[in-house]
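Chemist: I have a structure I would like to understand better, so I am pasting it below and will then ask my questions one at a time.
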Amino acid sequence: MDRYMERGNGIISLLKVNFYANQDSPELFSWSPIIENFTTYDNEYYTEDALECIEFMVLDTSNINSIINIVTKARENARSVQEHISRELWLCINNYYLYLTNKNLVKRLKEEDTVAFLDDLIKFHLIYYGTEDVTQERGPSYYFMNVGKYLERVIQISDFTALKLMEISKTSDTLEQSFYWKNLLLSVGGYQFYLKTYKSSFEEKHVIKMVFQDELFPRSISYCINKLRRVISMLINSGELEKNRTEFLLGKLESTIKYTTIEGINEQGLDNFIYGIKEDIRNISLSINTVYLSHSNLT
C-alpha cells in the first residue's frame with residue numbers, strides 16, 4: 001500500500017517538474033524519456049504533447065503505472081487490511097480513488113491549469129502521509145508500511161538519477177548539464193535544501209553527495225536505508241519478521257553508500273554505482289519476501 005502511494009507521489013512530482021522545464025526548454029526536457037522509463041516495455045505509446053502525456057501517466061488505465069492504476073491497487077491493498085490500518089487512512093485512500101475516477105477529471109485537465117491539477121494530486125499524497133503519521137498506531141502494520149515506502153523511495157531516487165544521467169550523457173555543455181541536475185533536485189524535493197547547503201551552482205559532486213549520502217535529507221538513499229534498517233529491526237525484535245540475511249544486506253548497502261567517496265563513484269561510474277544499489281535493494285526486497293511477503297504481486 002505505502003509502496004504504491006510512494007510510487008504515485010514520485011511520478012506526479014516528476015510530471016510537474018518536467019512540465020515546467022518543458023515549457024522553457026522543450027528541446028532538453030522532452031516527454032518520451034518519462035513514458036519509456038515508467039511504463040511497460042511492450043507499451044508503444046508516444047507523444048510530445050504535455051497534456052496527452054500527463055493524461056496517459058495519470059488517467060490511462062492501459063498504462064500499468066498510471067496514477068489511477070497505482071491508487072486502485074493501493075486501495076485494494078488497504079481494503080484487504082482494513083483491520084490493521086486506521087479508519088482515517090482507509091478513507092484517505094478511498095477519497096483519492098473516488099477523485100481519480102470522477103468522469104469530469106479529464107475535462108478538468110484539458111480546460112484548467114495543468115500545474116494546479118498536478119498540485120491537487122500531490123495534496124492527496126501529502127494528506128496520506130500526514131494521516132498515516134498521525135492516526136496509525138506504532139506497531140507491525142506501521143513498520144511494514146514503512147518498509148514498502150522506503151524500498152520504493154530508494155528505487156525511485158535511483159531511477160530518477162539514472163534518467164537524468166542518460167540525458168546528461170547526450171550533451172557536453174556544462175550549463176545544460178547543470179539544468180539536468182537542477183531538474184533532478186526538483187523532482188526529488190531537494191532543490192531548496194541543496195541551495196541552503198551548498199549555496200552554489202548545480203555541480204555533480206554536490207548533487208550526488210546530497211541525493212545519495214546526506215543523512216538529513218529525507219529523500220536521500222542514505223536516509224532511506226537508515227530508516228529501513230530501523231523498522232526491520234523493530235519487526236525482528238517484535239517477532240513479526242524472522243531474522244535472516246536482510247539485516248546483513250542492509251548493513252552492507254548502508255556501509256557502501258556511507259563510505260564510498262565521490263572519487264570512488266567516479267572511478268566505477270555513477271551508472272554502475274546506481275545499478276549496484278538497485279541490485280542490493282532487489283536482494284533486500286526478495287529477502288523480506290521469502291519470510292513474510294512471498295505472495296507479493298507488486299510489479
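Chemist: If I histogram all Cα-Cα distances within the stretch 127-248 using bins 5 Å wide from 0, what percent of pairs lands in each bin?
Modeler: Computed distribution, short to long bins: 2, 10, 18, 18, 16, 12, 10, 7, 4, 2, 0.
Chemist: Still on this model: If packing is taken as the average number of other Cβ atoms within 10 Å across a peptide's residues, how do 66-74, 187-195, 136-144 rank, most packed first?
Modeler: Result, highest mean first: 66-74, 187-195, 136-144.
Chemist: Carbon and sulfur atoms: what percent of the 1.4 Å accessible area of the stretch 138-298 do they account for? Mind showing how you got there, number by number?
Modeler: Details: 4140 of 8100 Å².
Here it works out to 51 percent.
Chemist: If you compute Cα Rg over 2.2 N^0.38 Å for the structure shown, which of (i) 0.94; (ii) 1.10; (iii) 1.00 do you land on?
Modeler: (iii)
Chemist: Using a 10 Å cut-off on Cβ atoms, rank the peptides 202-210, 151-159 from the highest mean neighbour count down.
Modeler: Working: 202-210: 17.9, 151-159: 22.2.
Descending mean neighbour count gives 151-159, 202-210.
Chemist: Please find, in a Gaussian network model of the chain (springs between Cα atoms separated by less than 10 Å), the residue of Leu216, Leu185, Leu59 whose mean-square fluctuation is greatest.
Modeler: So, out of Leu216, Leu185, Leu59, the one fluctuating most is Leu216.
Chemist: Also: Which of the lysines could a cross-linker span from Lys278 if the Cα-Cα distance has to be under 28 Å and same-chain partners fewer than 8 positions apart are dropped?
Modeler: Filter leaves Lys16, Lys73, Lys149, Lys164, Lys170, Lys182, Lys205, Lys209, Lys227, Lys243, Lys252, Lys258.
Chemist: Right, another one. Considering only protein heavy atoms, what per residue accessible area in square angstrom results for the chain with a 1.4 angstrom probe?
Modeler: Heavy-atom accessible area per residue stands at 49 Å².
Chemist: Turning to a different aspect of this structure: Can you tell me the Rg and Dmax of the stretch 1-155, counting just the alpha carbons, in angstroms?
Modeler: Gyration radius and largest Cα-Cα distance of the stretch 1-155: 16.0, 50 Å.
Chemist: Between Rg and the Kirkwood Rh of the stretch 26-68, both from Cα atoms, what is the Rg to Rh ratio?
Modeler: 0.94
Chemist: If you add up the charges near Ser169, with Lys and Arg at +1 and Asp and Glu at -1, over every other residue whose beta carbon is less than 14 angstrom from its beta carbon, what do you get?
Modeler: Neighbourhood net charge equals -3.
Chemist: For the stretch 45-122, which whole percent of the accessible surface, found with a 1.4 angstrom probe, sits on carbon and sulfur atoms?
Modeler: On the way: 1790 of 3860 Å².
After summing per-atom areas, the C and S share lands at 46 percent.
Chemist: Another one. For Trp31, Trp90, give the ranking by accessible area with the largest first, probe 1.4 Å.
Modeler: These residues rank, largest area first, as Trp90, Trp31.
Chemist: Also, quick follow-up: Rounding to the nearest 20 debye, state how big the charge dipole of the chain is about its Cα centre with +1 on each Lys and Arg Cβ and -1 on each Asp and Glu Cβ. Present the calculation step by step, with values, prior to reporting the outcome.
Modeler: Details: 32 positive and 41 negative charges, 209 e Å.
Result for the chain is approximately 1000 debye, rounded to the nearest 20.
The values are calculated or read from the model by the stated rules, or taken from the named source; none is laboratory data. Small disclaimer: the values here were computed from a predicted structure and weren't measured. Don't worry about glycine lacking a Cβ; one is built from the backbone with ideal geometry, like all the others, and counts go over all protein chains shown. In case anyone asks, the SASA skips ligands and DNA or RNA and just uses the protein heavy atoms, side chains included. Shrake-Rupley method; radii C 1.70, N 1.55, O 1.52, S 1.80 Å.
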